[in-house]
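The values are calculated or read from the model by the stated rules, or taken from the named source; none is laboratory data. Because the structure is a prediction, the values reported are computed rather than measured. Virtual Cβ from ideal backbone geometry, glycine too; neighbours counted across all protein chains shown. These accessible areas exclude ligands, DNA and RNA; they are computed on the full protein's heavy atoms, side chains included. Shrake-Rupley method; radii C 1.70, N 1.55, O 1.52, S 1.80 Å.
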Amino acid sequence: MNQKVDKHIQEAKQWKDEMNTLRTIILDCQLEEDFKWGKPCYASNGKNIVLIQGFKEYFALLFFKGGIMKDSHQLLVKMGENTQAGRQMRFENVQDILNKKDIIKDYIFEALKIEERGEKVEIKKEATAIPEEFQIKLDENPTLKSAFESLTAGRQRAYLIHFSAPKQSKTRESRIEKYIPNILDGKGMND
């Protein structure tokens, strides 16, 4: 058991019992416990398998390669329309977790087998256009351009989707201005 996870659970304002219940189930599957991205993360041989996530309305177990799992009980949820790999199994309370204990373990063991076989999620390389307003900023500021190009492909894509969404140029410019400091710091939108 990881001390950072202990501390995280002790200090949590919500979902303490749910985290402890899910943690026990996951550790029973012989996964290595770590604390990554501010969340309890579980791996096998250094490969991430699942992550515990708490939200306002629900609690979730994220399967990193959930997109290629069988999902025989139809419990995995795609987090957003642009999500390709990860899937969440969502819960509302401890009893909900306990009712699905065997299913949770089955899904974890399936995720482990996927990782052991070296299966990869096939990421569709969708070209995300750079909005004109952002391209101007990149052309004007070589430091910004270099920082943006240094980001992972997923982080770049998230920014471009976010910047492109508004219909009005003024709103696109506002979004770009808001996130320039994050880009210069090498951070993604949600870091």
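Results, tabulated for the structure shown:
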read-out	value
Any hit, segment 116-127, residues being in contact with a Phe, Trp or Tyr (Cβ under 9 Å, 6 or more places away or on another chain), assigned to a loop (DSSP other than H, G, I, E, B) and in contact (Cβ under 8 Å) with a residue 40 or more places away in the chain	yes
Failed criterion for I130 (all others in (1) aliphatic (A, V, I, L, M); (2) assigned to a helix (DSSP H, G or I); (3) farther than 27 Å from F64 by Cβ; (4) at pLDDT below 90 hold)	(2)
Single residue of segment 1-44 satisfying the filter (under 19 Å from G66 (Cβ atoms) and assigned to a loop (DSSP other than H, G, I, E, B)) that is most open to solvent (accessible area, probe 1.4 Å)	W37
Test set (1) closer than 17 Å to D71 by Cβ; (2) more than 18 Å from the chain's Cα centre (by Cα); (3) not polar (S, T, N, Q) - M89 fails condition number	(2)
Segment 130-159, residues that are under 23 Å from the mean Cα position of the chain (by Cα) and open to solvent by less than 70 Å² (accessible area, probe 1.4 Å)	A147, F148, L151, G154, Q156, R157, A158, Y159
Residues satisfying the stated conditions in segment 167-191, i.e. in contact with a Pro (Cβ under 9 Å, 6 or more places away or on another chain) and open to solvent by less than 60 Å² (accessible area, probe 1.4 Å)	S169, R172, I176
Test: L61 is modelled with pLDDT of 90 or more and in contact with a Cys (Cβ under 6 Å, 6 or more places away or on another chain)	no
Scope segment 58-103; condition in a helix (DSSP H, G or I), open to solvent by 40 Å² or more (accessible area, probe 1.4 Å) and free of Cβ contacts under 8 Å to residues at least 24 places away in the same chain; matching residues	Q95, N99, D102
Any hit, segment 56-76, residues being of a type in the set (V, I, T) and touching a Lys or Arg at 6+ places or on another chain (Cβ under 6 Å)	no
Total residues in segment 58-115, condition of a type in the set (K, R) and more than 25 Å from K16 (Cβ to Cβ)	4
Test for Y159: is it of a type in the set (S, T, Y), closer than 23 Å to K47 by Cα and at pLDDT 90 or above	no
Number of positions in segment 71-127 that are modelled with pLDDT of 90 or more, β-branched (V, I, T) and farther than 18 Å from I52 by Cβ	1
